[in-house]
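K.L.:
Here's a structure for you.
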Amino acid sequence: MTDDRAARSIAGDGAALEIAGITDRGPVRTQNQDVWDATPVGDGTTAVLALADGMGGHRGGLESAEAAVRAAMGVLADGDASTDAPAVLRQAVAAANRAVGVARVSIGGNPGTTLVLAIIGRDHASVANVGDSRGYLIRGSTVTQITDDHSWAAGQVRLGALDAEEARHHPKRNLIERAVMGDPVEADIFEIEMLPGDVLLLCSDGLWEPLSDQALGAIMATRDALGVALTRACDAALAGGGTDNVTVVAARRRALPSANV
């Protein structure tokens, strides 16, 4: 844990969706350029989540991440995802991209950010990503990566030139090939089933690089409150040698209320 840590619970025990998030500056960076947000929607059985990781080394990384999350959440919270969640996600990414474009004009340089978004329905979820911030589905202790990284290293894995573990620690692992920067960009969209007990988790590379899927699954499989589990995951990433900002936001599906009640 560093002195620059912030955690909050959005919806706790007893809610249809338990939602929490945490961000930590990490032991090396002078600024935390990760940003997250989440909110329940409607009767609390659905929710929207967003996470952005400002591009390190680029001026305006934090401003880009803040602008992207704020714009995306504005669309996600107001959009009608009940009929076409992928369309709402694409609208949210477009809004985030326009917001970063405005920031670029104001700041100058070439600011940008990754972005991963989620709309959680009653029994499914839709996820969009640009960059290498990830979405995971965690069922019991089994961790399944939902998103595909838009990075040089991930491209090498897809080509068979690197395996996943080599890519996780490759010197070029942070070379991003697609990001939200104000220029035309296309997000990947994924649809998944979400059962009671499942956790949908969004995170920056500060979590997934130093923390193996097996270790993350073991942490998230406990009966701890979601916020407690996320704090343990953040601590484990830092203890595992993480030097970047570490940010994670997640929602755990509880049993849905009966339609007859």
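The values are calculated or read from the model by the stated rules, or taken from the named source; none is laboratory data. Since the model is a prediction, treat every value here as computed from it, not as a measurement. Backbone-built Cβ (ideal geometry, glycine too); neighbour counts: all protein chains shown. Heavy atoms of the whole protein, side chains included, go into the accessibility calculation; ligands, DNA and RNA do not. Shrake-Rupley method; radii C 1.70, N 1.55, O 1.52, S 1.80 Å.
K.L.:
Using helices alone, what [θ] at 222 nm do you get for the chain, with -39,500 (n - 2.57) per DSSP H run of 4 or more residues, divided over all residues and rounded to the nearest 500?
P.N.:
On the way: 7 runs with 84 residues, N = 261.
Rounded to the nearest 500, it is -10000 deg cm²/dmol.
K.L.:
Still on this structure: Go through the stretch 68-74 residue by residue and turn each phi into a ³J(HN,Hα) via Karplus (6.51, -1.76, 1.60, θ = phi - 60°); whole Hz please, and just put x for glycine and proline.
P.N.:
In residue order, the calculated couplings are 5, 5, 4, 5, 5, 5, x Hz.
K.L.:
For 10, 19, give the ranking by accessible area with the largest first, probe 1.4 Å. Don't jump to the answer; show the numbers that get you there.
P.N.:
Numbers: 10 50, 19 0 Å².
Of 10, 19, the descending order of accessible area is 10, 19.
K.L.:
Would you please put 225-233, 244-252, 26-34 in order of how densely packed they are, using the mean number of other Cβ atoms within 10 angstrom per residue and starting with the highest? List each step's numbers first, then the result.
P.N.:
Details: 225-233: 20.6, 244-252: 28.0, 26-34: 17.9.
Peptide ranking by packing, descending: 244-252, 225-233, 26-34.
K.L.:
Can you list which of the GluC sites (Glu not before Pro) found in the stretch 173-210 are DSSP loop residues with at most 13 other C-beta atoms within 10 Å? All intermediate terms of the calculation are to be shown ahead of the outcome.
P.N.:
Numbers: sites: 177, 186, 191, 193; in loops: 177, 186.
When the GluC sites (Glu not before Pro) of the stretch 173-210 are filtered for loop state and at most 13 Cβ neighbours within 10 Å, 177, 186 remain.
K.L.:
Take every Cα pair under 8 Å in the chain that's 6+ residues apart, average their separations, divide by the length, and report that relative contact order as a whole percent.
P.N.:
Details: 666 pairs, mean separation 64.3, N = 261.
Rounded, it is 25 percent for the chain.
K.L.:
Taking only protein heavy atoms into account and a 1.4 Å probe, give the accessible area per residue of the stretch 15-156 in Å². List each step's numbers first, then the result.
P.N.:
On the way: 5020 Å² over 142 residues.
Result: 35 Å² per residue.
K.L.:
May I ask you to give the percent of accessible area on the stretch 181-233 that is carbon plus sulfur, with a probe radius of 1.4 Å?
P.N.:
Working: 1140 of 2210 Å².
With neighbouring chains kept in place, the figure for the stretch 181-233 is 52 percent.
K.L.:
In addition: Quick one: among 23, 46, 113, which has the greatest mean-square fluctuation in a GNM of the chain with alpha-carbon springs under 10 angstrom?
P.N.:
It is 46.
K.L.:
Calculate the length of the line joining the C-alpha centroid of the stretch 193-227 to that of the stretch 80-112, in whole Å.
P.N.:
26 Å
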